[in-house]
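Colleague: One structure follows; several queries about it will come next.
The values are calculated or read from the model by the stated rules, or taken from the named source; none is laboratory data. Remember, predicted model here, so these are calculated numbers, not experimental data. Using ideal geometry, Cβ is built from the backbone for each residue, glycine included, and neighbour counts are taken over all protein chains shown.
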Amino acid sequence: MVQYRNFRGINLKLKIKTTKRIELIDITSEVQQQVMRSKVSEGICVISTGHTTAGIIINENENGLKEDILNFLQKLVPTGAEYRHDRIDNNADAHLKAVLLGTSEILPISQGKLELGSWQSVFFAEMDGPRNRIVNLTVLGNIETKEKVQEE
């Protein structure tokens, strides 16, 4: 068994500038860079956004699939379908799409890296752009210093 002596919790922010009303932006490398800078070797990374018209998802970064996801969301929640909220902001579809996607993901960190499957990427999902957005990262875990201890 390995026992870690130094626990660390860090909150960071990524700034994102979106360019389209609805788009998926791969933020995997930016998140991974922040995890590596944190020096956390074993732990978790919480990736979230406080925006009500955006989401965080994990999926494959393949252009056809990204288009399929956006088209699927548009079919489920079409723009201009006389939603009540449209009387205020005319963006009810963006809020409803964000509800389906969710605002956060939690990933394990192992050996200082995000534990992602072979084809997995982390995406910021913009549903009401273009806008300036913030992604919150909370990295929690043990830093690299470790020593072996006897199991009882």
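Colleague: Any residue at all in region 122-131 that is loosely packed, with under 15 Cβ neighbours inside 10 Å and assigned to a strand (DSSP E or B)?
Modeller: No, region 122-131 contains no residue that is loosely packed, with under 15 Cβ neighbours inside 10 Å and assigned to a strand (DSSP E or B).
Colleague: For region 11-25, how many residues are part of a strand (DSSP E or B), more than 16 Å from N136 (Cα to Cα) and not aliphatic (A, V, I, L, M)?
Modeller: Count: 1.
Colleague: Can I ask one more? Here are the criteria: (1) outside any loop (DSSP other than H, G, I, E, B); (2) surrounded by 13 or more Cβ atoms within 10 Å (Cβ to Cβ); (3) within 19 Å of the chain's Cα centre (by Cα). Tell me which single one E67 does not satisfy.
Modeller: Only one criterion in (1) outside any loop (DSSP other than H, G, I, E, B); (2) surrounded by 13 or more Cβ atoms within 10 Å (Cβ to Cβ); (3) within 19 Å of the chain's Cα centre (by Cα) is unmet by E67, namely (2).
Colleague: In region 22-43, what count of residues is obtained for those that are over 13 Å from the mean Cα position of the chain (by Cα) and surrounded by fewer than 17 Cβ atoms within 10 Å (Cβ to Cβ)?
Modeller: Count: 6.
Colleague: Here's another thing I want to ask about it. Is it true that D89 is of a type in the set (D, E), modelled with pLDDT under 95 and either surrounded by 14 or more Cβ atoms within 10 Å (Cβ to Cβ) or part of a loop (DSSP other than H, G, I, E, B) (or both)?
Modeller: yes
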